[in-house]
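Worksheet: the structure to be examined is printed underneath.
The values are calculated or read from the model by the stated rules, or taken from the named source; none is laboratory data. Because the structure is predicted, anything quoted here is derived from the model rather than measured. Here the Cβ positions follow ideal geometry from the backbone for every residue, glycine too, while neighbour counts run over all protein chains shown.
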């Protein structure tokens, strides 16, 4: 019998964990502590596996069913949903390491070491690039488009700092064409 929202909400913890089954391998695991966890029981290459889909109430019944359907599609395509979930986490970690802020930090460090930026130039450049990190700092460098940088630079212009805006755009352009980034990022920045 399929689960209902009322049955899930009224489920009380017991001394031991217990399952409340839905359909197609989806079930809710009710913990003795009162936590309710969505799980999907499936088989890959003849082996039984369980996939965590999240916690209730953050993941509603309808969302859990959507996630189950997505996992079923992966299984039908011959892929392991658990492995795909792990790959997504790895991709997210890599994207975080390749955020605009991380690349800016690397760029500034290289400039200080290799091109002997003076302390004043270094401080000014880091400050100007920090103005962009408010808007695009957490974005992966591959996802940043010229319009994103232009919008951030326009905010600097709106404060009347035209020269700072021009230099910030110039520095952003230099960051985006670092030799180590050429395969990963090819931004063409607009001219102000």
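Scanning region 112-132 for residues that are within 22 Å of residue 153 (Cβ to Cβ) and at pLDDT below 85 yields one hit, 117. Among residues of region 31-70 being under 23 Å from the mean Cα position of the chain (by Cα), closer than 14 Å to residue 20 by Cα and free of Cβ contacts under 8 Å to residues at least 40 places away in the same chain, the one that is surrounded by the fewest Cβ atoms within 10 Å (Cβ to Cβ) is 55.
Regarding region 54-63, can at least one residue be identified that is in contact with a helix residue (DSSP H, G or I) (Cβ under 9 Å, 6 or more places away or on another chain) and at pLDDT below 90? Yes, there is a match, as at least one residue in region 54-63 is in contact with a helix residue (DSSP H, G or I) (Cβ under 9 Å, 6 or more places away or on another chain) and at pLDDT below 90.
When region 162-173 is filtered for residues that are touching a helix residue (DSSP H, G or I) at 6+ places or on another chain (Cβ under 7 Å) and either touching a residue at least 60 places away in the same chain (Cβ under 8 Å) or over 14 Å from residue 100 (Cα atoms) (or both), the ones remaining, listed by number, are 164, 165, 167. Out of curiosity, is residue 152 at pLDDT 85 or above, over 30 Å from residue 72 (Cβ atoms) and within 22 Å of the chain's Cα centre (by Cα)? Answer is yes for this residue. Screening 35, 46 for residues that are in the same structural domain as residue 80 (by TED's automatic domain parsing) and either in contact with a strand residue (DSSP E or B) (Cβ under 7 Å, 6 or more places away or on another chain) or over 26 Å from residue 74 (Cβ atoms) (or both) leaves exactly one candidate, 35.
Among the residues of region 71-92, those that are assigned to a helix (DSSP H, G or I) and either surrounded by 14 or more Cβ atoms within 10 Å (Cβ to Cβ) or not assigned by TED's automatic domain parsing to the domain that holds residue 45 (or both) comprise 71, 72, 74, 75, 81, 82, 84, 85. Each residue in region 26-49 was checked for being at pLDDT 90 or above and on the phi > 0 side of the Ramachandran plot, and 1 of them qualify.
Within region 106-149, the set of residues being in contact (Cβ under 8 Å) with a residue 40 or more places away in the chain, buried (at least 17 other Cβ atoms within 10 Å of the Cβ) and within 26 Å of the chain's Cα centre (by Cα) comprises 107, 128, 129, 132, 139, 140, 141, 144, 149.
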